[in-house]
1. Among the residues of the stretch 41-85, which ones are part of a loop (DSSP other than H, G, I, E, B), closer than 20 Å to Glu11 by Cβ and touching a residue at least 12 places away in the same chain (Cβ under 8 Å)?
2. Please identify the pairs in which a residue from the stretch 1-15 that is modelled with pLDDT of 55 or more has its Cβ atom under 7 Å from the Cβ atom of a residue that is open to solvent by 30 Å² or more (accessible area, probe 1.4 Å) and among the basic types (Lys, Arg), counting only partners at least 6 apart or on another chain.
3. For the stretch 106-122, enumerate the residues that are touching a residue at least 24 places away in the same chain (Cβ under 8 Å) and surrounded by 15 or more Cβ atoms within 10 Å (Cβ to Cβ).
4. Looking only at the stretch 188-216, count every residue that is polar (S, T, N, Q) and within 11 Å of the ligand (Cβ to nearest atom) and tell me the total.
5. Name the residue that is nearest to Asp116 (Cα to Cα), counting only residues in the stretch 161-177 that are part of a loop (DSSP other than H, G, I, E, B) and near the ligand (Cβ under 9 Å from one of its atoms).
6. Provide a single number: the residues in the stretch 96-152 that are farther than 22 Å from Ile63 by Cα and of a type in the set (D, E, K, R).
7. Quick one: is Glu185 within 10 Å of the ligand (Cβ to nearest atom) and either in contact with a strand residue (DSSP E or B) (Cβ under 7 Å, 6 or more places away or on another chain) or closer than 29 Å to Leu123 by Cα (or both)?
Amino acid sequence: MKAVEASAAAEMKLVGGRLCLDFINTVDGRKSDSPRNESRSIVLGDKLTEYSDLVEWSRHAGIVTPTEAERLIQASKRNTREARDVLDRAIALREALYRICKAITTGRRPQTLDLDTVNDELLRARTHERLTHEANGFTWEWVSTEAALDRMLWSIAHSAAELLTTADLSRLRECSGEECGWLFEDTSRNRSRQWCDMQDCGNLAKVRRYRTRLRGGKKTKR
Ligand SMILES: [Zn+2]
């Protein structure tokens, strides 16, 4: 297993605006494998190749504490098969969510199978949800988290359900960068956000436009 600090998943930018979108973005580039079937995508740079990547990303995204992350990594070493299953479920959930979001951004109906995948994870998550009373009122909390290798999936499924049922889905965007495929919620006032990150895809596009202009040798306004 890789050293904890070595996971690229723990260094990625969190620019989606929501936990579930940042989770979908744990892939560096996506492209459609066929122009006729946009719902199937080829995953290019997957940041989640081991269970420890999933844990490190979860710590990075703030859904598990450093202590919990360490405990999960230790537990996964004792139960490698279950850890592998959780990673497989995580990837299945992520890809289902990506296809659902892609359907939304392109005005198509999401696939029933993909919704089933999200519902399966939600069902598992809900068995760990408890209503509790605190000084300031009532709140939801996760219970039986100690030994649960899949505990990060509960938060992700929860975030996805919240996005799909309460967010303004007309603000859901896919980055305009070539082969980027990152998703984000465009919360800009004039709904004009184009890039996952201006520093990355935005700059790259600027450079490309500049080079194209140089090659063309034409004077343009900008
Ligand atoms: Zn991008």
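The values are calculated or read from the model by the stated rules, or taken from the named source; none is laboratory data. Just so it is clear, the model here is predicted, and its values are computed rather than measured. Glycine also receives a Cβ, built like all others from the backbone with ideal geometry; neighbour counts cover every protein chain displayed. For the accessible areas, the whole protein counts, side chains as well, though only heavy atoms, and no ligand, DNA or RNA atoms are used. Shrake-Rupley method; radii C 1.70, N 1.55, O 1.52, S 1.80 Å.
1. Here is the first cut: in the stretch 41-85, the ones part of a loop (DSSP other than H, G, I, E, B) are 44-45, 47-50, 61-65, 79.
Filter once more, so that each one left must be closer than 20 Å to Glu11 by Cβ: 44-45, 47-50, 61-65.
Hits for the stretch 41-85 are Leu44, Gly45, Lys47, Leu48, Glu50, Ala61, Ile63, Val64.
2. Ala8/Lys47; Ala9/Lys47; Ala10/Arg59; Met12/Lys47
3. Of everything in the stretch 106-122, those that are touching a residue at least 24 places away in the same chain (Cβ under 8 Å) and surrounded by 15 or more Cβ atoms within 10 Å (Cβ to Cβ) turn out to be Thr117, Val118, Glu121, Leu122.
4. Residues in the stretch 188-216 being polar (S, T, N, Q) and within 11 Å of the ligand (Cβ to nearest atom): 3 in total.
5. First, pick out the residues of the stretch 161-177 that are part of a loop (DSSP other than H, G, I, E, B): 167-168, 175-177.
Remaining after also requiring near the ligand (Cβ under 9 Å from one of its atoms): 175-177.
Details: Cys175: 26, Ser176: 29, Gly177: 30 Å.
My answer is Cys175.
6. 6
7. In short, no.
Listed here are the residues, each with its yes/no results for (1) assigned to a helix (DSSP H, G or I); (2) under 28 Å from Pro110 (Cβ atoms); (3) open to solvent by 50 Å² or more (accessible area, probe 1.4 Å); (4) out of contact with any Gly (no Cβ under 8 Å at 6 or more places or on another chain).
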residue	(1), (2), (3), (4)
Leu153	yes, yes, no, yes
Ser159	yes, yes, no, yes
Cys196	no, yes, no, no
Arg211	yes, no, yes, yes
